[in-house]
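This report concerns only the one structure given below.
The values are calculated or read from the model by the stated rules, or taken from the named source; none is laboratory data. Treat the numbers as computed from the prediction; the structure is a model and nothing was measured. Neighbour counts are summed over all protein chains in view; Cβ atoms, including those assigned to glycine, are modelled from backbone coordinates with ideal geometry.
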């Protein structure tokens, strides 16, 4: 599907979907339990992949109205009867790799073309250190993967600057091993707030894990048992970032965009509010009510370190293109290893829209003062975050902007274009 967006103003109330990061963890945590209800779970292509994996390991995941009912496998995953297809979800593949290491046999994991190009090697090495077997069928550290267990726990050493999801996977699986798992980080941890999310979800399911001087640790022999057998997923700040950016750049004069579901949590991407404030946006966050109001503002470029918030890079780059002055996005090399190389993708597509951009290995600089955004046909790279960010750029670009492959927003924000349309965006779909 292609979507064409014309320069237009927005106003009114919207609600971002539930958090994808929390939903992944909650569904798998419920799978590790004997059973739980997960309320407000995001229903998207990625989270459906995690649900399929829980099914494959002997659990059962069924959506029923406002919640997902999970019959778990009680910490003892069965050997899947077939290959586990993780689709486009890197989170699923990494969390499931550690889960597969608990099964008494061989599990094969694969995914789509994009997922089969993403790095898994450090996590495979960690499974080997625990006494299991984990291999890339092509010998390049990428899926398809073959994982054989069971592992009983132990100590692992792993880099922290490739993906925090490796640590999440090991902590979640380690709780139900006999010995537990200690994770020693060889390098500085990137995307640290995502591990904070994991610790928060583990605590909610009755599992104790903790930071250590050189990493993290989780004791073995624990059970996943959420209070009252249920868990509630908070709203997703990564998804909110596009709505907040749309308001800051395109709110109708004298009006505001009001975004609901914005309750405080461990999500690092809550930083989008502070970033907007630094850029000069008129934004108010009522933390008690979980609502953020934002109005059109004259923005000024800033420097932003995305070491802990990689998913915000596409949004920040668009804000920078519409701001005065220079916006420097630093510490972003790890953002190149997402669904696509998001650093290069945003540089390329913003240039098509008339932006002046300088791309370096670890820095993306958007020269807003030298930029006049104009409509063009741009590529979404089959990447939900690239697509939604370019849609926000289309709101303020002169003329029409057509985004190719826009259906991939279903990965994290099904109905995104419906929400944008309801706020007043002029758009059409082909």
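Some points to look at:
- None of 297, 241 is in contact (Cβ under 8 Å) with a residue 24 or more places away in the chain, at negative phi and surrounded by fewer than 21 Cβ atoms within 10 Å (Cβ to Cβ) except 297.
- Close pairs from the stretch 267-283: first more than 19 Å from residue 235 (Cβ to Cβ), partner part of a helix (DSSP H, G or I), Cβ under 7 Å, at least 6 apart: 279/319; 281/248
- Which listed residue, of 163, 157, is assigned by TED's automatic domain parsing to the domain that holds residue 220, more than 24 Å from residue 76 (Cα to Cα) and buried (at least 17 other Cβ atoms within 10 Å of the Cβ): 163
- Filter result for the condition that a residue is in the same structural domain as residue 325 (by TED's automatic domain parsing), assigned to a loop (DSSP other than H, G, I, E, B) and under 16 Å from the mean Cα position of the chain (by Cα), over 271, 262, 266: 266
- When the stretch 110-134 is filtered for residues that are part of a loop (DSSP other than H, G, I, E, B), surrounded by 15 or more Cβ atoms within 10 Å (Cβ to Cβ) and within 24 Å of the chain's Cα centre (by Cα), the ones remaining, listed by number, are 111, 112, 114, 118, 119, 120.
- Among the residues of the stretch 341-356, those identified as surrounded by fewer than 21 Cβ atoms within 10 Å (Cβ to Cβ) and touching a helix residue (DSSP H, G or I) at 6+ places or on another chain (Cβ under 9 Å) are 341, 344, 347, 354, 356.
- Considering 11, 76, the condition of being modelled with pLDDT of 95 or more, surrounded by fewer than 24 Cβ atoms within 10 Å (Cβ to Cβ) and assigned by TED's automatic domain parsing to the domain that holds residue 250 is satisfied by 11 alone.
- Applying the condition of being without any contact (Cβ under 8 Å) to a residue 60 or more places away in the chain and surrounded by fewer than 16 Cβ atoms within 10 Å (Cβ to Cβ) to the stretch 360-388 and asking which residue is nearest to residue 405 (Cα to Cα) yields 377.
- Within the stretch 278-299, not a single residue is under 16 Å from residue 346 (Cβ atoms) and touching a helix residue (DSSP H, G or I) at 6+ places or on another chain (Cβ under 6 Å).
- Boolean, residue 136 is free of Cβ contacts under 8 Å to residues at least 24 places away in the same chain, touching a helix residue (DSSP H, G or I) at 6+ places or on another chain (Cβ under 9 Å) and over 18 Å from residue 19 (Cβ atoms): yes
- Looking only at the stretch 279-294, and only at residues there that are under 22 Å from residue 396 (Cβ atoms) and crowded, with 17+ Cβ neighbours inside 10 Å, the one that is nearest to the chain's Cα centre (by Cα): 292
- Condition check for residue 203: closer than 21 Å to residue 131 by Cβ and at pLDDT 95 or above: no
- Residue match in the stretch 84-98 (condition: surrounded by fewer than 24 Cβ atoms within 10 Å (Cβ to Cβ), modelled with pLDDT of 95 or more and not in a helix (DSSP H, G or I)): yes
Yes or no, residue by residue, for (1) over 18 Å from the mean Cα position of the chain (by Cα); (2) at pLDDT below 95:
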site	(1), (2)
344	yes, no
348	yes, no
353	yes, no
370	yes, yes
376	yes, no
394	yes, no
403	yes, no
406	no, no
416	no, no
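- Enumeration of residues in the stretch 328-359 that are free of Cβ contacts under 8 Å to residues at least 40 places away in the same chain, part of a helix (DSSP H, G or I) and over 24 Å from residue 141 (Cβ atoms): 347, 348, 351, 352
- Test: residue in the stretch 308-327 that is out of contact with any helix residue (DSSP H, G or I) (no Cβ under 8 Å at 6 or more places or on another chain) and either not in a strand (DSSP E or B) or not assigned by TED's automatic domain parsing to the domain that holds residue 26 (or both): no
- Residues that are in a loop (DSSP other than H, G, I, E, B), out of contact with any helix residue (DSSP H, G or I) (no Cβ under 7 Å at 6 or more places or on another chain) and over 18 Å from residue 290 (Cβ atoms), drawn from the stretch 1-34: 11, 33, 34
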